[in-house]
C-alpha cells in the first residue's frame, strides 16, 4: 500500500499557470519634433523583453503577428528563454501565429530572460509589431488555496 502524502509537504496546494505577453514594435521611440530627434526604429538584433522567475516550467512560446501589424518583407523573429531557442526564426511579414516546439524547459537556479531576436528588412510601418506569448507554470510557489477545499 502506498504511503498517503496528501496534505503533507504542500502536496495539496494549488500552483498557478501563467501567460505573459511581450512585444517589439517597429517604432521603439517616436520622433520628438520639439527636440528635433528622429524616431528610434527596430534594427536587427536581440531584444530582452522580460524575465521568467526561477522555479518554473515553460510550457509554450508563441509568436503572434496580427493583420495590419506585419513587418517588412523577409523580416523574421526568434524567441529564446535563457539559452534555449523556443521558436526558431519565423517570418513576421505576414499575419499569423507560430507555436514553438522546444518545450518544456525548466527554469531553476535563477530567472531567465526572454529574448526576441529580430531581423528587420524591407519597409516596416509604425503599425508593425510582433507579440510573443510565453506560458509557464510555477512549481515552487503556491497559492493559499488547497485542492479539495470548498
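The values are calculated or read from the model by the stated rules, or taken from the named source; none is laboratory data. Values in this document were obtained by computation on a predicted structure and should not be read as measured data. Glycine also receives a Cβ, built like all others from the backbone with ideal geometry; neighbour counts cover every protein chain displayed.
Scanning region 108-135 for residues that are at pLDDT 90 or above and assigned to a loop (DSSP other than H, G, I, E, B) turns up 108, 110, 111, 120, 121, 123, 124, 125, 126, 127, 128. When 88, 104 are checked against the criterion of being modelled with pLDDT of 95 or more and in contact with a strand residue (DSSP E or B) (Cβ under 9 Å, 6 or more places away or on another chain), 88 stands alone in meeting it.
The set of residues in region 67-84 being in contact with a strand residue (DSSP E or B) (Cβ under 8 Å, 6 or more places away or on another chain) and either buried (at least 18 other Cβ atoms within 10 Å of the Cβ) or part of a loop (DSSP other than H, G, I, E, B) (or both) consists of 69, 71, 74, 75, 76, 77, 78, 79, 80, 81, 82.
Being assigned to a loop (DSSP other than H, G, I, E, B) and touching a strand residue (DSSP E or B) at 6+ places or on another chain (Cβ under 9 Å) holds for only one residue in 93, 46, and it is 93.
Taking the conditions exactly as written (under 15 Å from the mean Cα position of the chain (by Cα), crowded, with 16+ Cβ neighbours inside 10 Å and not in a loop (DSSP other than H, G, I, E, B)), does residue 64 satisfy them or not? So residue 64 fits the description; yes. Test residue 74 against the criterion of being under 22 Å from the mean Cα position of the chain (by Cα) and farther than 17 Å from residue 135 by Cβ, and give yes or no. Here the answer is yes, as residue 74 does meet what is asked.
Quick one: would you say residue 134 is touching a residue at least 40 places away in the same chain (Cβ under 8 Å), within 26 Å of residue 26 (Cα to Cα) and either under 20 Å from the mean Cα position of the chain (by Cα) or surrounded by fewer than 16 Cβ atoms within 10 Å (Cβ to Cβ) (or both)? Yes, satisfied.
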